[in-house]
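Heads up: the structure comes next, in structure tokens.
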């Protein structure tokens, strides 16, 4: 787990990026979004209606490193051997595969099953 100074620096940088993008308006909201350092690892990540690559694409997260808010996790179609999918609520609502999300190691313990 990063030390407190590293978490504050990470949160300030992410909050600044999100405010510039017009997605949120307060530093407190930025800290809430990135408190667990959950973000995308690729450009163009599809957000889907269900935990499968055959589910409809409801949105696309354009940039790698975009902060996401995880609502819960579930098992779904394996993507490169990884069957965990997250239902996210920011920046869009839908499902993304764990394979393309960077998280703290304890996210599956903290977040409930869907």
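Quick notes on this one:
Residues are listed down the side, and each one gets a yes or a no for (1) at positive phi; (2) exposed (fewer than 14 other Cβ atoms within 10 Å of the Cβ); (3) at pLDDT 95 or above:
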residue	(1), (2), (3)
38	no, no, no
47	no, no, yes
51	no, no, yes
54	no, yes, yes
60	no, yes, yes
69	no, no, no
73	no, no, no
81	yes, yes, yes
84	no, no, no
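- Residue check, residue 95 surrounded by 19 or more Cβ atoms within 10 Å (Cβ to Cβ), out of contact with any helix residue (DSSP H, G or I) (no Cβ under 6 Å at 6 or more places or on another chain) and farther than 13 Å from residue 39 by Cα: yes
The values are calculated or read from the model by the stated rules, or taken from the named source; none is laboratory data. What you see is a predicted model, and the numbers here were worked out from it, not measured in a lab. Using ideal geometry, Cβ is built from the backbone for each residue, glycine included, and neighbour counts are taken over all protein chains shown.
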